[in-house]
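To start, the structure itself, in structure tokens.
The values are calculated or read from the model by the stated rules, or taken from the named source; none is laboratory data. Remember, it's a predicted structure, so these values are computed and weren't measured experimentally. Positions of Cβ are backbone-derived with ideal geometry, glycine not excepted, and every protein chain shown enters the neighbour counts. Heavy atoms of the whole protein, side chains included, go into the accessibility calculation; ligands, DNA and RNA do not. Shrake-Rupley method; radii C 1.70, N 1.55, O 1.52, S 1.80 Å.
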Amino acid sequence: MDAANSVTPGAVSHILAHPSTGSDGAVPDLVVQVLDLKSIGTGSRFSFMATDGKDKIKAMFPTSFASEVRSGNLKNLGLIRILDYTCNAVNGNNGKVLIVIKCELVCQALDAEINGEAKKEEPPIVLKPKDEGVVVAEQANAPPVAIKPKQELKSASQIVNEQRGNAAPAARLSMTRRVHPLITLNPYQGNWVIKVRVTSKGNLRTYRNARGEGCVFNVELTDEDGTQIQATMFNEAAKKFYPIFELGKVYYVSKGSLRIANKQFKTVQNDYEMSLNENAIVEEAEGETFIPQVQYNFVKIDHLGTYVGGRELVDIIGVVQSVSPTLSVRRKIDNETIPKRDIVVADDSGKTVSISLWNDLATTTGQELLDMVDSSPVVAIKSLKVSDFQGVSLSTIGRSTLAINPDLPEAQNVKSWYDSEGKDTSLAPIGAEMGAARAGGLKSMYSDRVFLSHITSDPAMGQEKPVFFSLNAIISHIKPDQNMWYRACKTCNKKVTEAFGSGYWCEGCQKNDSECSLRYIMVLKISDPTGEAWVSVFNEHAEKIIGCSADELDRIRKEEGDDSYILKLKEATWVPHLFRVSVTQHEYMNEKRQRITVRSEAPVDYAAESKYLLEEIAKLTAC
């Protein structure tokens, strides 16, 4: 094999022995072969198995190198030279993952995997300066390589001291401690420094619970590779860092901690979330102007229906068809007036959706869209909330961002579609068909109809995002000893807690009230011919099933006794219902479990049910 197209023997052993590059910037000449190359997630990163012909290690490319893989410049069995790296432990055990921070292509692909066992002699690994293209080789029969003469000989300490003396405090931090890419962080690391831009900053919020009052705020941080992480600060740390973090500025951050992100509440694509206490170090990186690449995960408009009722935020890209004037809306919580503007966006799924812009996005960005709406601009909006208002609609939140005519392949594709056919086509709003399904009563109950066994036989169902089905089932059991309701605010229906002294405190309304109401939050067992399952039911649907409000059921239990209470529950069992349910995953005691939640409920219309069954039979006989 040509020496130019070969790996460095012992490269993997060196990486394991030296988990990161040295502080002096010197790295070995590490050439490894790429095996088992595959994409991760949306394709912005690629993982592979690095081999030196003898040993192997799992590895991951930087996002900046993804274009080389997608373009075909690097393929499986290719060779790369690693210029900078870090090696992380996996889940605290002895397993290691190589995170390649910087590399260069050596060979597109070899004919086969390199096997180093046949080699008798191994040339030594020779160090080379990280930022200079000078290689020193002393292998047998190898031609001498000219080495650039040094202009001036200085010790490493002299060079570092000179650099630190002329640097700003934040720059000194980056020199004394190596800056880590966000992708390399995990909860088991001790000391790290990251350089990040604040791409979203939340408001400083107050809260009140059994332990007293406090405050909290969070920011979304993005590094040069486009990797994001959410950082949260409480109480003293929140008060300390809220005025320091400014949207759009770059900071060096250290002495924070990481934990597994709660999938229900995370706002960025990262397995971890960061906590900063008052001992954390946050210093502005003065003069730094890098603009991180925004990572989108676009959802087609015709797929938005599956996100209704869930917590997951979505990203949308499409052509703006119309822009409304600015409206003023009075907020119930604090009676404050805030600006709102609605835009209608279409994409190549052939559907449109209404998006409500709030605050600065409504006034500043919204006005810019109004001025250019005739040119059909393309917008990319990140972090939108999905609601069932008017069937399906979207709304911006505090962390939402909007880019007009972004330089993205998706933007070019949707613009080309609109110019060629979209603008001359009658496009229906996605909310119309879902609103019609609700108005038509049972229509939605007959779409995606399955048996219970279809859901219960797949424990991993709903792991990525909620999935929705329709069921025809009977209620077979309601536990009489469960916590069937919660105390709720009469204004906003959110949970209240007993206030100090008397009354009930509502965190949502930020006020005390002398009275509260009860709202159902219960589980019941449903059955069909294929099996049974426990489902969660909330107030609106539980009232229809039980036949009375939670306040009324509580009165029956207190005034008429347990026998009347249990009899009321038994009256609701062994009755058939049509259910529209969502299936998601949640964690309980570090164990993943399937959660089935009733989203809508209706009594069985036997005429409509018979028609549906006849249609299904006709489909079977036609096959």
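Residues of segment 27-75 that are over 13 Å from CYS103 (Cα atoms) and of a type in the set (Phe, Trp, Tyr): PHE46, PHE48. Hey, any hits in segment 361-371 for a residue that's free of Cβ contacts under 8 Å to residues at least 12 places away in the same chain, polar (S, T, N, Q) and within 24 Å of PHE298 (Cβ to Cβ)? Checked against the condition, which is being free of Cβ contacts under 8 Å to residues at least 12 places away in the same chain, polar (S, T, N, Q) and within 24 Å of PHE298 (Cβ to Cβ), segment 361-371 yields at least one hit. A single member of ALA618, ALA607, ALA550 is outside the structural domain of MET461 (by the TED database) and over 20 Å from LEU452 (Cα atoms), and it is ALA618. When segment 583-607 is limited to residues that are of a type in the set (A, V, I, L, M, F, W, C) and modelled with pLDDT of 85 or more, the one that is nearest to the chain's Cα centre (by Cα) turns out to be VAL583. In segment 214-234, the residues that are under 18 Å from SER383 (Cα atoms) and open to solvent by less than 10 Å² (accessible area, probe 1.4 Å) reach residues that are charged (D, E, K, R) and outside any strand (DSSP E or B) with C-beta atoms within less than 9 angstrom, at least six apart or across chains, in these pairs: ILE229/ASP223. Of the residues in segment 403-426, not one is in contact with a Lys or Arg (Cβ under 7 Å, 6 or more places away or on another chain) and in contact (Cβ under 8 Å) with a residue 40 or more places away in the chain. Looking across ASP342, ASP347, ASP360, one residue alone is open to solvent by 40 Å² or more (accessible area, probe 1.4 Å) and either among the small types (Gly, Ala, Ser) or within 24 Å of GLY422 (Cα to Cα) (or both). It is ASP342. Within segment 542-555, residues that are under 14 Å from LYS570 (Cβ atoms) have Cβ atoms under 6 Å from residues that are open to solvent by less than 10 Å² (accessible area, probe 1.4 Å) in these pairs: ILE545/ALA572; ILE546/ALA572, counting only partners at least 6 apart in sequence or on another chain. For the structure I just gave you, tell me whether THR206 is closer than 30 Å to LYS494 by Cα, modelled with pLDDT of 80 or more and under 22 Å from the mean Cα position of the chain (by Cα). No. Considering GLU104, GLU117, GLU122, which residue is modelled with pLDDT of 85 or more and not aliphatic (A, V, I, L, M)? Within the list GLU104, GLU117, GLU122, the selection yields GLU104.
Residue-level analysis places GLU278 outside the set of residues that are among the charged types (D, E, K, R) and at pLDDT below 90. Considering (1) under 22 Å from the mean Cα position of the chain (by Cα); (2) surrounded by fewer than 16 Cβ atoms within 10 Å (Cβ to Cβ); (3) part of a loop (DSSP other than H, G, I, E, B), the lone condition that GLU246 does not fulfil carries the number (1). For segment 508-524, the criterion of being under 30 Å from THR456 (Cβ atoms), among the polar types (S, T, N, Q) and in contact with a Lys or Arg (Cβ under 7 Å, 6 or more places away or on another chain) is met by no residue. Taking the conditions (1) at pLDDT 85 or above; (2) among the hydrophobic types (A, V, I, L, M, F, W, C); (3) farther than 25 Å from ARG205 by Cα in turn, VAL386 satisfies each one other than (3).
Filtering ILE301, ILE343 for residues that are within 22 Å of ALA403 (Cβ to Cβ), touching a residue at least 12 places away in the same chain (Cβ under 8 Å) and touching an Asp or Glu at 6+ places or on another chain (Cβ under 8 Å) leaves a single hit, ILE301.
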